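J.: What follows is a single structure, and I will ask about it in a moment.
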Amino acid sequence: MRLIFLGAPGAGKGTIASAIGKELGLPQVSTGDLFREAVKNGTELGLRVKSIMEKGELVSDELTVALARERLGRPDTAKGYILDGFPRTIPQAEALASFQRIDGAVNFLCSDEVVVRRLSGRRICRSCGAIYHVENMPPRREGVCDRCGGELYVRDDDRIDSIRNRLRVYREQTEPLIGYYRGRGLLHDIDSGQTVEKSLGELRKLLKKLRKAG
Ligand code: AP5
Ligand code: MG
Ligand code: ZN
């Protein structure tokens, strides 16, 4: 199964990708996570993308496609993967299509209001990347990861001005992908404004249908 998760920032792509990836034994490939890793390690790529990410702008298609291509060439993706946050522009989608055949694009539908609330309360584990929310999904101990005991932090782009900019960038540059994949018969909507369990249930049904059809 080669899947793309599309949707606004904060729609819950990462949360659901992590859960369903574990269930199905598929790697979650998040370009956002890969860029954050590069920033954390202070690599040349990290230095180039740090301020772009903080402002909530998109990294260039050239850098992003090169990163995704390299990641999708690794052996753990041979049986499939979940692309979380890539592609995000039409040129990225076209580049992907030139070297991979995908089975479906799942569109996470969620209102801006819900997105802003989710992003303003998000916390991430510095060590393992687990995602929490101060109200919706609090850790057992404040500021500490349940999974690994790591420290929880607020992402640099989860501040209100950056959140607003990410939503604008999403509308302008990423939303056109909905039409792109719909036109190719690959788009499937799910309601991600509900609880994680409900969204996961909807997604499991959809994947069953896709497996039967494929
Ligand atoms: P990226 O890391 O991909 O960020 P994003 O797309 O803005 O999406 P988020 O990770 O913010 O949201 P999500 O949908 O994963 O939500 P989550 O599950 O965490 O990209 C970051 C940056 O990297 C970009 O701005 C850009 O600069 C660069 N970049 C990355 N990819 C790129 C590309 N392809 N091209 C160019 N540049 C690129 O959930 C959010 C919160 O809500 C959490 O707190 C969670 O606990 C909570 N939550 C989730 N689901 C629920 C639920 N059902 N109910 C209640 N709370 C929930
Ligand atoms: Mg994410
Ligand atoms: Zn952790």
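The values are calculated or read from the model by the stated rules, or taken from the named source; none is laboratory data. What you see is a predicted model; the values in this text were computed from it and never measured. Glycine also receives a Cβ, built like all others from the backbone with ideal geometry; neighbour counts cover every protein chain displayed. Just the protein is used for accessible areas: all its heavy atoms, side chains included, with ligands, DNA and RNA removed. Shrake-Rupley method; radii C 1.70, N 1.55, O 1.52, S 1.80 Å.
J.: Picking from G25, G46, which residue would you name as being without any contact (Cβ under 8 Å) to a residue 60 or more places away in the chain, away from ligand 2 (no atom under 16 Å from the Cβ) and closer than 27 Å to T195 by Cα?
T.: On the way: G46 fails: closer than 27 Å to T195 by Cα.
Residue meeting the stated conditions: G25.
J.: If we keep just the residues of the range 62-88 that are away from ligand 2 (no atom under 16 Å from the Cβ) and open to solvent by less than 10 Å² (accessible area, probe 1.4 Å), which is nearest to G179 (Cα to Cα)?
T.: G80
J.: Which members of the range 155-207 meet the condition of being touching a residue at least 60 places away in the same chain (Cβ under 8 Å) and among the β-branched types (V, I, T)?
T.: Hits for the range 155-207 are I163, V169, T174, I178, I190, V196.
J.: When the residues of the range 130-150 are narrowed to those that are touching a strand residue (DSSP E or B) at 6+ places or on another chain (Cβ under 7 Å) and not in a loop (DSSP other than H, G, I, E, B), which ends up nearest to ligand 2 (Cβ to nearest atom)?
T.: Applying the filter and picking the extreme gives I131.
J.: Further, regarding this structure: Applying the selection to the range 170-179, what residues are under 18 Å from the mean Cα position of the chain (by Cα) and surrounded by fewer than 18 Cβ atoms within 10 Å (Cβ to Cβ)?
T.: Once the filter is applied, which keeps residues that are under 18 Å from the mean Cα position of the chain (by Cα) and surrounded by fewer than 18 Cβ atoms within 10 Å (Cβ to Cβ), the range 170-179 yields R171, E172, Q173, E175, P176, I178.
J.: Among the residues of the range 119-136 satisfying the criterion of being touching a residue at least 60 places away in the same chain (Cβ under 8 Å) and more than 12 Å from ligand 3 (Cβ to nearest atom), which is least open to solvent (accessible area, probe 1.4 Å)?
T.: For the range 119-136, the residue satisfying everything is L119.
J.: Based on this model, can you work out whether L45 counts as part of a loop (DSSP other than H, G, I, E, B) and of a type outside the set (K, R)?
T.: Numbers: part of a loop (DSSP other than H, G, I, E, B): no; of a type outside the set (K, R): yes.
Judged against the criteria, L45 is not a match.
J.: Between F86, F99, which is more than 15 Å from the chain's Cα centre (by Cα) and at negative phi?
T.: Values: F86 fails: more than 15 Å from the chain's Cα centre (by Cα).
None of the others qualify; the one that does is F99.
J.: Select from the range 10-37 the residues that are in contact with a Cys (Cβ under 9 Å, 6 or more places away or on another chain) and more than 10 Å from ligand 1 (Cβ to nearest atom) and list them in ascending order.
T.: Going residue by residue through the range 10-37, those that are in contact with a Cys (Cβ under 9 Å, 6 or more places away or on another chain) are 10-12.
Scanning the range 10-37 gives no hits.
J.: Of everything in the range 25-57, what is open to solvent by less than 50 Å² (accessible area, probe 1.4 Å) and farther than 21 Å from L3 by Cβ? Give them in sequence order.
T.: Residues satisfying the conditions are A38, V39, G42, L45, G46, V49, I52, M53, G56.
J.: Could you check how many residues of the range 181-203 are assigned to a helix (DSSP H, G or I), open to solvent by 30 Å² or more (accessible area, probe 1.4 Å) and either closer than 23 Å to R118 by Cα or of a type in the set (S, T, Y) (or both)? Write out each step before concluding.
T.: Residues of the range 181-203 that are assigned to a helix (DSSP H, G or I), as a first pass: 181-183, 196-203.
Now drop any that are not open to solvent by 30 Å² or more (accessible area, probe 1.4 Å), which leaves 182-183, 196-198, 202.
Pick out the ones that are also either closer than 23 Å to R118 by Cα or of a type in the set (S, T, Y) (or both) and you get 196-198, 202.
Qualifying residue count, the range 181-203: 4.
J.: Please go through (1) at positive phi; (2) of a type outside the set (S, T, N, Q); (3) at pLDDT below 95 for I160 and return the number of the only condition it doesn't satisfy.
T.: (1)
J.: Sticking with this one: So H188 clears everything in (1) under 18 Å from the mean Cα position of the chain (by Cα); (2) over 25 Å from S51 (Cα atoms); (3) within 11 Å of ligand 1 (Cβ to nearest atom); (4) not aliphatic (A, V, I, L, M) except one condition, right? Which one?
T.: Of (1) under 18 Å from the mean Cα position of the chain (by Cα); (2) over 25 Å from S51 (Cα atoms); (3) within 11 Å of ligand 1 (Cβ to nearest atom); (4) not aliphatic (A, V, I, L, M), only one is false for H188: (3).
J.: Would you please list the contacts, defined by Cβ atoms under 6 Å and residues six or more apart or on different chains, that run from a residue in the range 28-42 that is within 17 Å of T89 (Cα to Cα) to a residue that is within 10 Å of ligand 2 (Cβ to nearest atom) and at pLDDT 95 or above?
T.: S30/D84; S30/G85; T31/G85; G32/G85
J.: Sort out for me the strands (runs of 3 or more DSSP E) sitting completely within the range 72-129 that have 3 or more residues that are more than 18 Å from R159 (Cα to Cα) and out of contact with any Ser or Thr (no Cβ under 7 Å at 6 or more places or on another chain).
T.: Ranges flagged: 81-84, 104-109.
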